[in-house]
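Chemist: First the structure, then my questions, so here it is.
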Amino acid sequence: MGEVLRTEGVCRYFGGLKAVENVSMTVNSGQIFGIIGPNGAGKTTFFNVCSGIYKPTKGRVYLCGRDISNMRPETISRLGITRTFQSMQLFKFMTVLENVKIGCHKGTKSGIFDAIFHTGRYKRDEEYVTRKSLETIEKAGLTKYAYTMAGSLPYGIQRRVEIARALATDPEILLLDEPAAGMNPMETVDLRKFVQELNRNGQTILLIEHDMKFVMNCCHNILVLNFGKKICEGTPEVVKKDPEVQAAYFGSGMIGGEVLNHA
Amino acid sequence: MNTLINAVKKVYGEHKVLFLAVIVVLLLILPFLGFKKSTIRIMCRILMYCTLAGSLNMINGYSGQTCIGQAGFFCIGAYTMAILSTRFGISFWILLPLGGIMAMLVGLIVSIPTLRLKGIYLSIITMGASEVIRIVALNWESLTGGSFGIKDIPRPSAGGFLVDSPMKFYYLFLILAVIFLFISSRVIRSRAGRAWMSIREDELAAKALSVQTSYYKASNFMYGAFWAGICGAAYAPYLQYIDSTVFSLDEGFNILSMVIIGGQGTLAGPIVGSALVNFLTEILRPVGTWRFVTYALLIIIMMWLRPQGLVGASDSILAGGRIKMKSKSKKAAKESA
């Protein structure tokens, strides 16, 4: 089990605001790694640093041992980190199939001239893209929606389309930013099963989530952030019992701790 | 109106090949149906603007960059043709692609500093660039003849066959439009076309999926500019005389209105837009400059009633919330079941 994503003392400041302060963590291959924390703890900012949308103010990010701290998002994505967004960023006016096809952009090379003259490379690429997208769609259980406009689908399905689109890039590590946000309990359970199945097939996953049941039941390792700082890291059992985590979520009292233990 | 368009679309979908064949034959025999010369001139304009508006549609409709300075690229192509053919006597057939390439280079120069801009800021820059090009053409007298323009641009000829009447130009513009549509339909169904559309829909998500947005935005701009340049290069010998007033901002808005009225993000949109706007231009000749007011009103009404344009695709970004996706998804579900 090699490391996939490692951060070393990552900081991100917005002027005087320390959104992320000195966070180090290691995600190993084949893990589901969860990041939790109260609202405004800097989880999404940390994600943005990992995926290159923000540059870290200090510290380094390594993907499979390679320093990616100052690379552009499209380069990082090419190297193997693909993310989904908290506020879904689907291509709403394109069909599900077309959405996933854009995920296949990474694996193909044909340019405009290939397209004009329908060269061998174009044909190979198109064939690959179509096959790969249909496969990915099937894997995500979206076959019956393949030709539907993405924006018209129910919320839970849209989330799934976004994950499918990310999967089409064959990422080393998949970053999911609050995948269960806004879902009803049924959809959340479906999503958890889907994420776990992906993981069983060898996909490394890093996810942010607020739904404690989701995180505690599916993550192997959890990182807890509060006010941009790491306050705890470990297995769900360790995190549940950690007094600092309990304090961050419920204030320091008897009752708070009890609630968390029941989750 | 929507139901009518849907009905037409359905019939078209069922007999696509037949439909296209009939249209091509009609277009081929059209000039022989005994129209007046002036009518054929209007048809020439319509066909020329099919390509020109189509080239703008490639930028605005497919990659979602808002260019309104297409007249500038048009101008570059026309002046390339005019200057090099009158001074050096270079053949039309060499200058036609060269005009496109020159416009493409200018497109690259305009697009590089504007890669970070979008929406209204980008449109202001493109508008400015278009004006800069026109003013250079007006003031660089030694090269462009300044306000006197360039006269006697030679007509193109191929093996002794001189393209000199509006009727012959009709076929030239028709061939150009067909080539443009053919190539563009291939490009937008390719990896590059999908990348353009992903930028139109959501640039951040496109980046996260490893689409090099800067590269594709620039290449899209260049592609659009290339075809505008080709149009200019073909239009100059047709007019035989060009000066900078042909390429004013009015011209840019004229092209833009065709794209908007026809429907952005569809191949057929600019064709319909070009036919309608040129037709209106002729109809409204008696009211003089008041016709610009009509265009403005027409655009506002279009935005109101049918923001995706006359033949606009339901997946056009401008279509907004007015899409009826239900029926489409049912049909798709049936097909896959």
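Chemist: Is at least one residue of region A:234-248 part of a strand (DSSP E or B) and of a type outside the set (F, W, Y)?
Modeler: Yes, region A:234-248 contains a residue that is part of a strand (DSSP E or B) and of a type outside the set (F, W, Y).
Chemist: So, one more: Suppose the filter is more than 10 Å from every other protein chain (Cβ to nearest Cβ), aliphatic (A, V, I, L, M) and touching a Lys or Arg at 6+ places or on another chain (Cβ under 6 Å); does A:V49 pass it?
Modeler: Spelling it out, A:V49 is indeed more than 10 Å from every other protein chain (Cβ to nearest Cβ), aliphatic (A, V, I, L, M) and touching a Lys or Arg at 6+ places or on another chain (Cβ under 6 Å).
Chemist: Here is a check on your reading of the model: is A:P179 at pLDDT 85 or above, buried (at least 23 other Cβ atoms within 10 Å of the Cβ) and either among the aliphatic types (A, V, I, L, M) or within 30 Å of A:G107 (Cα to Cα) (or both)?
Modeler: Yes, satisfied.
Chemist: Of (1) touching a residue at least 60 places away in the same chain (Cβ under 8 Å); (2) farther than 30 Å from A:G2 by Cβ; (3) at the interface with chain B (Cβ under 8 Å from one of its Cβ atoms), A:Y122 satisfies all except one. Which?
Modeler: (1)
Chemist: Pairs under 7 Å by beta carbon, first residue more than 12 Å from A:I76 (Cβ to Cβ) in region A:46-61, partner part of a loop (DSSP other than H, G, I, E, B), six or more apart or different chains?
Modeler: A:P56/A:S69; A:R60/A:S69
Chemist: Oh, and also: Buried (at least 19 other Cβ atoms within 10 Å of the Cβ), in contact (Cβ under 8 Å) with a residue 40 or more places away in the chain and in a helix (DSSP H, G or I), is that true of B:C67?
Modeler: no
Chemist: Determine whether A:F91 is closer than 30 Å to B:F226 by Cβ, touching a residue at least 40 places away in the same chain (Cβ under 8 Å), among the aromatic types (F, W, Y) and out of contact with any strand residue (DSSP E or B) (no Cβ under 8 Å at 6 or more places or on another chain).
Modeler: Yes; evaluated as a whole, the condition is true for this residue.
Chemist: If a residue has to be outside any helix (DSSP H, G or I) and at pLDDT below 85 to count, how many in region B:278-315 make the cut?
Modeler: Result for region B:278-315: 10.
Chemist: Filter region A:58-89 for residues that are of a type in the set (S, T, N, Q) and either buried (at least 18 other Cβ atoms within 10 Å of the Cβ) or part of a loop (DSSP other than H, G, I, E, B) (or both) and give the result.
Modeler: The answer is A:S69, A:N70, A:S77, A:T82, A:T84, A:Q86, A:S87, A:Q89.
So that you can scan it fast, the table gives a plain yes or no per residue for (1) assigned to a loop (DSSP other than H, G, I, E, B); (2) more than 7 Å from chain B (Cβ to nearest Cβ); (3) within 20 Å of the chain's Cα centre (by Cα); (4) crowded, with 16+ Cβ neighbours inside 10 Å:
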{"residue": "A:F113", "(1), (2), (3), (4)": "no, yes, no, no"}
{"residue": "A:E126", "(1), (2), (3), (4)": "no, yes, no, yes"}
{"residue": "A:I137", "(1), (2), (3), (4)": "no, yes, yes, yes"}
{"residue": "A:I157", "(1), (2), (3), (4)": "no, yes, yes, yes"}
{"residue": "A:I163", "(1), (2), (3), (4)": "no, yes, yes, yes"}
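Chemist: Could you check region B:295-309 and list, in sequence order, the residues that are loosely packed, with under 15 Cβ neighbours inside 10 Å and farther than 11 Å from B:G263 by Cα?
Modeler: If the condition is that a residue be loosely packed, with under 15 Cβ neighbours inside 10 Å and farther than 11 Å from B:G263 by Cα, then B:A296, B:L297, B:I300, B:I301, B:W304, B:L305 are the ones that fit.
Chemist: Hey, another quick one. Within region B:79-95, can you find the residues that are in a helix (DSSP H, G or I) and hydrophobic (A, V, I, L, M, F, W, C)?
Modeler: Correct list: B:M81, B:A82, B:I83, B:L84, B:F88, B:F92, B:W93, B:I94, B:L95.
Chemist: Can you tell me which residue in region B:188-215 is farthest from the other protein chains (Cβ to nearest Cβ), limited to those that are aliphatic (A, V, I, L, M) and surrounded by fewer than 20 Cβ atoms within 10 Å (Cβ to Cβ)?
Modeler: B:I188
Chemist: Let me ask another. Please state which of the following conditions A:T148 fails to meet, knowing it meets all the rest: (1) at the interface with chain B (Cβ under 9 Å from one of its Cβ atoms); (2) under 23 Å from the mean Cα position of the chain (by Cα); (3) not small (G, A, S).
Modeler: (2)
Chemist: Same structure, new question: Output the number of the condition that B:G34 fails; it satisfies all remaining conditions of (1) buried (at least 19 other Cβ atoms within 10 Å of the Cβ); (2) at positive phi; (3) not aliphatic (A, V, I, L, M).
Modeler: (1)
Chemist: Pick out the one residue from B:W227, B:W196 that is in contact with a Lys or Arg (Cβ under 9 Å, 6 or more places away or on another chain), part of a helix (DSSP H, G or I) and within 20 Å of A:I112 (Cβ to Cβ).
Modeler: It is B:W196.
Chemist: Okay, next question. Assess whether B:Y223 counts as being within 15 Å of the chain's Cα centre (by Cα) and within 12 Å of another protein chain (Cβ to nearest Cβ).
Modeler: yes
Chemist: Another one. From the residues in region B:170-187 that are within 26 Å of A:R165 (Cβ to Cβ) and more than 15 Å from the chain's Cα centre (by Cα), which one is surrounded by the fewest Cβ atoms within 10 Å (Cβ to Cβ)?
Modeler: B:R186
Chemist: Tell me which of these A:K193 doesn't satisfy, since it passes every other one: (1) closer than 26 Å to A:F46 by Cβ; (2) at pLDDT 90 or above; (3) part of a helix (DSSP H, G or I).
Modeler: The one condition A:K193 does not meet is (1).
Chemist: Something else now. Just to check your reading of the model, which residue among A:K92, A:K101, A:K106, A:K55 is at the interface with chain B (Cβ under 10 Å from one of its Cβ atoms), more than 14 Å from the chain's Cα centre (by Cα) and part of a loop (DSSP other than H, G, I, E, B)?
Modeler: A:K92
Chemist: I've got another one for you. Against the condition out of contact with any helix residue (DSSP H, G or I) (no Cβ under 8 Å at 6 or more places or on another chain), surrounded by 15 or more Cβ atoms within 10 Å (Cβ to Cβ) and within 27 Å of B:L138 (Cα to Cα), how does B:T51 come out, does it pass?
Modeler: No: the conditions fail for B:T51.
Chemist: Which one of these is among the charged types (D, E, K, R), surrounded by fewer than 23 Cβ atoms within 10 Å (Cβ to Cβ) and touching a strand residue (DSSP E or B) at 6+ places or on another chain (Cβ under 9 Å): B:D250, B:D243?
Modeler: B:D243
Chemist: Residue by residue through region B:230-257, note down the ones that are polar (S, T, N, Q), more than 22 Å from B:T66 (Cβ to Cβ) and assigned to a helix (DSSP H, G or I).
Modeler: B:S244, B:T245
The values are calculated or read from the model by the stated rules, or taken from the named source; none is laboratory data. Keep in mind that what you see is a predicted model, and the values were worked out from it rather than measured. A quick note on method: Cβ atoms are made from the backbone with ideal geometry, for glycine too, and the neighbour counts reach across all protein chains shown.
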